[in-house]
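The structure under discussion appears below in the form of structure tokens.
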Amino acid sequence: MRPGELSGVNRGYRAPHRTVRIGWAARRSPWFSTWVRRRTGTRRRVTSRAPVLAGDHEVDVAIVGGGFTGLWTALQLRQADPSLTVAVIEREVIGFGASGRNGGFAMTLLDMSLAHLRRNHGDAAARAAHEAVATSVTEMGEAIDQHDIKCEWRHGGLMVVATNRPQQERIDADLAAAEALGLEGFRHLSAAEAQAEVHSPTYVGGLHEDHCGVLHPAKLARGLAGVASRSGVEVFERSDVTAIDEATGRIRITTPRGSVRAHQVVLATNAWASETEWFRNKVVPLYTYIAMTEPLTVRQWEEVGWDSHCGIEDKRNYVHYYRRTLDGRILWGGSDGVIHHRGRIAPRHDRSSRVLERLTTTFHRTFPQLRDVGFTHHWGDPWASQRRSCRCSGPCSEAASITDSAATATVSPRATPAARSCATSCWDAPATSRSCASSTPVRPGFRPNRCAGSAPSSHDGRCYARTPSSTRTAAVGEMEPALLKLINRLG
């Protein structure tokens, strides 16, 4: 973006005057609390390992947001061009947002079923998109092994189950699409086969997909930050970005104790992008909630089965997703998607007694043999939702949509233009334009509209994703709550 065009009205971004401290995230999410307890032997709250941004700095690329998107982007930039100077600026601590509080699935999720993807965008685009995200899962595991990140990675596949006839029809449609596209790694499961894998009387059928892993998301985020620091990336925590504006031909990021001037800026803030002028009417923070059981006994695990570490989800419109943890618990999430009043993000929204009640009911319905097992943890996190919920990247001058697959830990080490990370937006400073990826130079007027890991479709040279117009997305905050209630009722 050219100087003077940061917001379209010759002025930059000024953050709202509020900063939430991290103690509440550590208390509510076991991903944080167990990470701290195992490293320190206490239940102290999460502490920063990176310095606060102080003084004035100059870099080639500044990344706002210390989640999966920002960290993978920083690593890939340095690997593509070691001469680049890169800084990651996080308001709280690394992994504070959805990246550190999600269910810990690395999967081929594209926010629409494989059958819908094929029907809406054609065989070529659907095949390219799926193969790219399937490769991403493999590459994520390889990167974790390469950098020796201790994040409890298990590549056990994904079992998608049906609990009623309409859900089975959706699974059958996905299997037919996979066969038509010639995709490997999909296997049909009868009711008996699904119940033999995991002993639930609710399963009427399903499918197994090879391309899925599970992990500890907070450990992955902190591990990536360590790898990035060792590769030369400057990582700053507890550094609240209060302004983004133009300064002498570059983009200036201001924090309470310092500033960074950069040729390019990557906004990787997921749901918190809704607090900026550019995306206030483009994205809506959608909360998803998770509960975690007490550790199961050996006998209880024998009653459940589930000897593998496959992740599981059903085929509701708003799914349940669940998985084993290494300490013998079951993580149970989904059921409802909640948009709070005016789309606000606040600590009080990190728990929901109503959603917890529904999660408890559906858990005991799925596993009646565990009716005496209770939940010891409950938490939620917001992620950026928009009308199509499809990953896009582009400059803020085009008001590109933002969604972040960090909520399911599916961000690949190599995924899109703009350093191949999904859910990022770049500003261009005209003085010395640098490349966000070795194969994708970013320049003034650059207007990409590409999905994570997808190839351009044949009809117009663009990917199947489309950035919604501001007119249509402005009503998302009004439409989605009622729509979600209807979807949940029909689920």
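No lab work stands behind these numbers, since they all come straight from the coordinates. Since the structure is predicted, the reported quantities are computational estimates derived from the model, not experimental observations. Cβ: placed from backbone, ideal geometry, glycine included. Neighbour counts: every protein chain shown.
Things to note:
- Estimated at 0.36 nm per residue, the fully extended path between R344 and E357 surpasses their Cα-Cα distance by 2.4 nm.
- A simple packing score, the average count of other Cβ atoms within 10 Å per residue, orders the peptides 239-251, 360-372 as 239-251, 360-372, with the highest score first.
- The order of Y287, Y321, going from fewest to most other C-beta atoms within 10 Å of their C-beta, is Y287, Y321.
- Taking the average, over residues, of other Cβ atoms within 10 Å as the packing measure, peptides 129-136, 348-355, 210-217 rank 210-217, 129-136, 348-355 from highest down.
- Cβ crowding within 10 Å averaged over residues, with 263-274, 143-154 ranked highest first: 263-274, 143-154
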